[in-house]
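Would you mind keeping the following structure in view while I ask a few things?
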Amino acid sequence: YKLTMTTTLQDNDSSPFLDGALDVAQEAALLAGGQIREAWSQRSEVKATKSGSTDLVTETDQKCEDLVMKLLHEKFPQHQIIGEETSG
């Protein structure tokens, strides 16, 4: 199953959906950035490994993804989301 969305944009014209999606992406980046900034001076605990012993999932990774997923589910409840650490 593959979903493809195409939109034609004129010079300074943009889709309201794309504008809204950009706003949400910026909000998600700020939320995750705030979480990273808060954790920067603290030691982050490794929660798991993915594909190997050097592919770590830290507590900060998980918190950031949880924040972003929550926001995306609130703003786009009809969408399925695949994250780096989880899917939902």
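No value in this document is a laboratory result; all are computed from the given coordinates. As the structure is a prediction and not an experimental result, all values here were calculated from the model. Don't worry about glycine lacking a Cβ; one is built from the backbone with ideal geometry, like all the others, and counts go over all protein chains shown.
Between beta-carbons, use under 10 Å as the cut-off and find the net charge around E65, counting Lys and Arg +1, Asp and Glu -1.
-2
Which peptide among 76-86, 29-39, 59-69 comes first, and what is the full order, when sorted by highest mean count of other Cβ atoms within 10 Å?
Packing order, densest peptide first, comes out as 59-69, 29-39, 76-86.
Taking amide hydrogens as modeled 1.01 Å from N in the peptide plane, which residues meet the under 5 Å criterion relative to T58, leaving out close sequence neighbours?
The list, which skips near neighbours in sequence, is K47.
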